[in-house]
Every structure is written in structure tokens, then in C-alpha cells.
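The structure under discussion is supplied below as C-alpha cells; questions concerning it will follow.
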Amino acid sequence: MYSISKKISIGKKATIAKNKFINDETIPAAKTTFTCCHCTQENTIEISPYQSGFPIFQIYADDKVLSKAELLKHGMTTETSQRMQHFGELTVNDLPTLYFGTNCSSCSSTYICVFSYGEWQPGLEVLNISGIWEYKETE
């Protein structure tokens, strides 16, 4: 799990086994698998609430890694509703949104995972993975 700081281009979206985790399903970590688009290796990822990931703002700030338009075009995020703007301009389900880079354990292809985590309503904590996409550095 690492942050991405160089410009990237987004490729195919990987198949993910499970993308939504509720309440205790996230303790101690939400665990799922994704299938590599190149070698079909099944890879495991674990997301620990409040520990995993980096703020999505780092990706689109000054178009440093990806533009807002690219994030929206690929369905990685949506525009945040007016009442939740304190979480940033782009989110997943109007909740705090994070990302991380990962690699295929077999062929080392690079992937970006985008997810949100937070209290959807009182007593309902939701971790939602919007997806995992392969990427290539462009610089």
C-alpha cells in the first residue's frame, strides 16, 4: 500500500470480490480480493479504517496525479453534495475518500484503489470501495 505522486493514466477496472463492508465487517480490517487484468492472479487487499489509504485530494490537487475530470470519467469518485463539501470536492458516497496504490503479487502490474469510510447514518459505519483500476505512470 503506497501513495502515488507521479502523473498516471488509468486503464482497465479490475474485478473485485466484495466492495461494501458494514459495521463489524471492517474490524479489524475489510478484506477482499481483486483479479489482475493481465495475468488473472487473485490478489488480496486489506483496508483498516482510519489507518489505510491517503486523502483523494492528493490525487487531484493541481492535477498533480489525475484531474478531477479523469476521476469522474472513470467512476472513481462523484461530485460531493453541497452539504458534505467539508469532505472535499470529490468523494465516494459523500464520505471521506481515500486511495492507495498496490501491485499484482504475480506480475507486478500497478493498481489504484479508491474507497470511502465513515458514518453513513447513526450506528451505520460503511466502507465502500468504488473500484480498483490498473494504471501506468506517464512521466
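The values are calculated or read from the model by the stated rules, or taken from the named source; none is laboratory data. No experiment lies behind these values; they were computed from the predicted model shown. As a convention, Cβ positions derive from the backbone with ideal geometry for all residues, glycine included, and neighbour counts pool all protein chains shown. Heads up: the accessible areas ignore ligands, DNA and RNA and are worked out on the full protein's heavy atoms, side chains in. Shrake-Rupley method; radii C 1.70, N 1.55, O 1.52, S 1.80 Å.
Does Ile45 qualify as being touching a Cys at 6+ places or on another chain (Cβ under 8 Å), under 23 Å from Ala17 (Cα atoms) and at pLDDT 95 or above? Before you say what the answer is, go through the steps one by one.
Details: touching a Cys at 6+ places or on another chain (Cβ under 8 Å): yes; under 23 Å from Ala17 (Cα atoms): yes; at pLDDT 95 or above: yes.
Judged against the criteria, Ile45 is a match.
Within the bounds of segment 6-18, is there any residue that is assigned to a loop (DSSP other than H, G, I, E, B), surrounded by fewer than 19 Cβ atoms within 10 Å (Cβ to Cβ) and either touching a Pro at 6+ places or on another chain (Cβ under 9 Å) or without any contact (Cβ under 8 Å) to a residue 12 or more places away in the chain (or both)?
Quick first cut of segment 6-18, residues assigned to a loop (DSSP other than H, G, I, E, B) only: 6-7, 14, 17-18.
Right, trim to surrounded by fewer than 19 Cβ atoms within 10 Å (Cβ to Cβ) and you get 6-7, 17-18.
Now restrict to residues that are either touching a Pro at 6+ places or on another chain (Cβ under 9 Å) or without any contact (Cβ under 8 Å) to a residue 12 or more places away in the chain (or both): none.
No, every residue in segment 6-18 fails to be assigned to a loop (DSSP other than H, G, I, E, B), surrounded by fewer than 19 Cβ atoms within 10 Å (Cβ to Cβ) and either touching a Pro at 6+ places or on another chain (Cβ under 9 Å) or without any contact (Cβ under 8 Å) to a residue 12 or more places away in the chain (or both).
While we're looking at this one, here's another question. Is at least one residue of segment 23-30 in contact with a Phe, Trp or Tyr (Cβ under 8 Å, 6 or more places away or on another chain) and not in a helix (DSSP H, G or I)? Step through it out loud before you land on a result.
Restricting attention to segment 23-30, the residues satisfying the condition of being in contact with a Phe, Trp or Tyr (Cβ under 8 Å, 6 or more places away or on another chain) are 26, 30.
From what is left, the residues that are not in a helix (DSSP H, G or I) are 30.
Taking every residue of segment 23-30 in turn, at least one turns out to be in contact with a Phe, Trp or Tyr (Cβ under 8 Å, 6 or more places away or on another chain) and not in a helix (DSSP H, G or I).
Exactly one condition in (1) closer than 27 Å to Glu119 by Cα; (2) charged (D, E, K, R); (3) open to solvent by 80 Å² or more (accessible area, probe 1.4 Å) is false for Lys64; which is it?
The single condition Lys64 does not satisfy is (1).
Would you please list the contacts, defined by Cβ atoms under 6 Å and residues six or more apart or on different chains, that run from a residue in segment 71-95 that is loosely packed, with under 13 Cβ neighbours inside 10 Å to a residue that is outside any strand (DSSP E or B) and acidic (Asp, Glu)?
Every condition considered, the pairs that remain are Ser81/Asp94.
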